[in-house]
Amino acid sequence: MIESFSGEYRFLSNFYPVEVVLDGVTYPTVENAYQAAKTLDLEKRKDFLSVEPGFAKRLGQRLELRPDWNDVKLDIMKRLNEQKYMRPDLRENLCDTYPQDLVEGNTWGDTFWGVCGGKGSNHLGQILMTIRMQLLIDDLRGTVNDPVHSGKS
């Protein structure tokens with residue numbers, strides 16, 4: 001089991017620097033884009049473009065949340081992470097974690113996205129494992145459908 005998105009597994013963190021696009025705007029990390037998505041005010045979203053992800057998280061905690069936030073936040077997190085793992089090196093790194101469980105263990109009390117003190121829903125870990133499985137299935141299908149590897153000509 002991978003119990004922390006740090007060290008060798010830092011690439012699993014939403015703070016990891018990789019550009020993602022939200023509503024046509026490019027953000028420097030998943031965290032920045034996710035926090036910006038909490039508001040529908042495009043002017044306020046600009047505040048998340050050039051700050052460190054930790055600061056983006058703090059800014060996001062002060063936003064008035066969009067009315068549908070609880071209905072869309074899991075899907076937004078999944079879509080942003082799907083983009084992140086389209087990058088070939090990150091895709092390979094994520095796939096290489098198979099079959100380990102991915103647990104966003106933390107000490108800051110996040111029991112929604114992760115696990116703290118043995119308690120939590122680990123939604124981020126669940127999303128990453130779902131993306132990983134889809135990538136592995138896609139890779140397998142690519143090999144199976146490849147006549148060179150399937151024995152068909």
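The values are calculated or read from the model by the stated rules, or taken from the named source; none is laboratory data. It should be emphasised that the depicted structure is a prediction, and the values quoted were computed from it without experimental measurement. Reconstructed Cβ throughout: ideal geometry from the backbone, glycine too, with neighbour counts over all protein chains shown. Only protein heavy atoms, including side chains, enter the accessible area calculation; ligands, DNA and RNA are left aside. Shrake-Rupley method; radii C 1.70, N 1.55, O 1.52, S 1.80 Å.
Structure notes:
- In the set Glu92, Glu82, only one residue is free of Cβ contacts under 8 Å to residues at least 24 places away in the same chain, out of contact with any Gly (no Cβ under 8 Å at 6 or more places or on another chain) and of a type in the set (Asp, Glu); that residue is Glu92.
- Met86 meets the stated requirement of being out of contact with any Cys (no Cβ under 8 Å at 6 or more places or on another chain), modelled with pLDDT of 95 or more and more than 19 Å from Met1 (Cα to Cα).
- Within segment 73-90, tally of residues that are of a type in the set (Asp, Glu) and loosely packed, with under 13 Cβ neighbours inside 10 Å: 2
- Looking across segment 112-153 at every residue that is modelled with pLDDT under 95, closer than 22 Å to Tyr85 by Cβ and assigned to a loop (DSSP other than H, G, I, E, B), the one that is least open to solvent (accessible area, probe 1.4 Å) is identified as Asp146.
- Screening Gly54, Gly60, Gly24 for residues that are surrounded by fewer than 14 Cβ atoms within 10 Å (Cβ to Cβ), in contact (Cβ under 8 Å) with a residue 24 or more places away in the chain and among the small types (Gly, Ala, Ser) leaves exactly one candidate, Gly54.
- Residue in segment 28-46 that is of a type in the set (Phe, Trp, Tyr) and farther than 18 Å from Gln126 by Cβ present: no
Residues checked against (1) more than 17 Å from Met86 (Cα to Cα); (2) in contact with a Leu (Cβ under 9 Å, 6 or more places away or on another chain); (3) not hydrophobic (A, V, I, L, M, F, W, C):
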| position | (1), (2), (3) |
| --- | --- |
| Pro28 | no, yes, yes |
| Asn32 | yes, yes, yes |
| Ala37 | yes, yes, no |
| Lys44 | yes, yes, yes |
| Arg58 | yes, no, yes |
| Glu64 | yes, no, yes |
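- Selected residue (only one of Phe5, Phe48, Phe15 is farther than 17 Å from Ile76 by Cβ and surrounded by 13 or more Cβ atoms within 10 Å (Cβ to Cβ)): Phe5
- Of Asn93, Asn70, all but one fail to be in contact with a helix residue (DSSP H, G or I) (Cβ under 7 Å, 6 or more places away or on another chain) and surrounded by fewer than 20 Cβ atoms within 10 Å (Cβ to Cβ); the exception is Asn93.
- Condition met for Gly109 (open to solvent by less than 70 Å² (accessible area, probe 1.4 Å), under 19 Å from Ser13 (Cα atoms) and within 18 Å of the chain's Cα centre (by Cα)): no
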